[in-house]
Each structure stands twice: as structure tokens, then as C-alpha cells.
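Here the structure comes first, spelled out in C-alpha cells, and everything after it is commentary.
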Amino acid sequence: MKATWKLADGREITLDVAAGTSLMEAATARGVPGIIGECGGSMSCATCHVVVDPAWSDRAGPPSAFEEDMLDITEAGRQPTSRLSCQIRMTAALDGIVLSVPEL
Ligand code: FES
């Protein structure tokens, strides 16, 4: 399955992501710029912030209540389809998902 990260400088990075892998883990393993994942996925850093392409946001689902709170303190500022990418796990339904990495 694939996911694409659009960077603030216009580059796009498309990676193979195994089912069950979080999009933060996939991005940090391959060095996608701007995705840090400092807390390892425990929802305490918000350095995995992405903006889900609106065409994919329904399939990605809404953030949990705790994730909502973390999104309010992201460095780049929250957008309507912002998510913490450590909380999105790849499934067949998300094959092809497109995310933007906010500019800091
Ligand atoms: S990796 Fe820290 S909140 Fe997602």
C-alpha cells in the first residue's frame, strides 16, 4: 500500500507502507522531512502533525478526544483536516492516501 507526503517546498514523497504501520513510523523510517515523531507515537509531542488531503479525511477518520487536544498545540497551527500521523495506521482503505507536511 502507498502513502504520499507533500512537502512545503513542493516535493512529493511516495512510500510503500505495510498494513498496520502508522504513517508516522513509515515517514520517520524513511526520513520524510518535517515528520519527527519525537514521542514514538504516544501522542505527547505533535511532531508528527500532517494535514490529510480533504479527499481522504473521511477515510482517515476523526481524531480522538486526546488527539484533538494535542492538535490544538501543533507548532504549525491546526487545519481542518489536521491529524497526528502516529494515530493513522495503514489499511487497505487508506491505500493511496495523500498528506501534507505543514511548514514550520
Ligand atoms: S509521534 Fe508524538 S504525537 Fe505523534
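Any read-out appearing in this document is the output of simple, stated calculations on the displayed coordinates, not a laboratory observation. A quick note: this is a predicted structure, and the numbers were derived from the prediction, not measured. Glycine also receives a Cβ, built like all others from the backbone with ideal geometry; neighbour counts cover every protein chain displayed.
Pair-distance distribution of the chain: all C-alpha pairs, bin width 10 Å, starting at 0; shares per bin in whole percent are 17, 57, 26, 0. The region of the chain that goes longest without hitting one of the GluC sites (Glu not before Pro) in a DSSP loop, each with at most 16 other Cβ atoms within 10 Å, is 1-37.
Restricting attention to segment 1-92, which trypsin sites (Lys or Arg not before Pro) occupy a DSSP loop and are surrounded by at most 14 other Cβ atoms within 10 Å? Filter output for segment 1-92: Arg11, Arg30. Dipole orientation for segment 2-100: of the candidates Ser42, Ser22, Gln79, Ser22 has the Cα lying most toward the positive pole (charges on Cβ; Lys, Arg +1; Asp, Glu -1).
FRET efficiency for the pair Arg59 and Asp9, taken as 1/(1 + (r/R0)^6) with r the Cβ-Cβ distance and R0 = 30 Å, rounds to 0.65.
Summing Cβ point charges (Lys, Arg +1; Asp, Glu -1) relative to the Cα centre of the chain gives a dipole of roughly 260 debye.
Short-range pairs are left out: with C-alpha atoms under 8 Å and at least six residues apart, the relative contact order of the chain is 42 percent. Applied to segment 22-28, the Karplus parametrisation 6.51 cos²θ - 1.76 cosθ + 1.60 on θ = phi - 60° returns per-residue 3J(HN,Hα) values of 6, 5, 5, 4, 4, 6, 6 Hz, with x for Gly and Pro.
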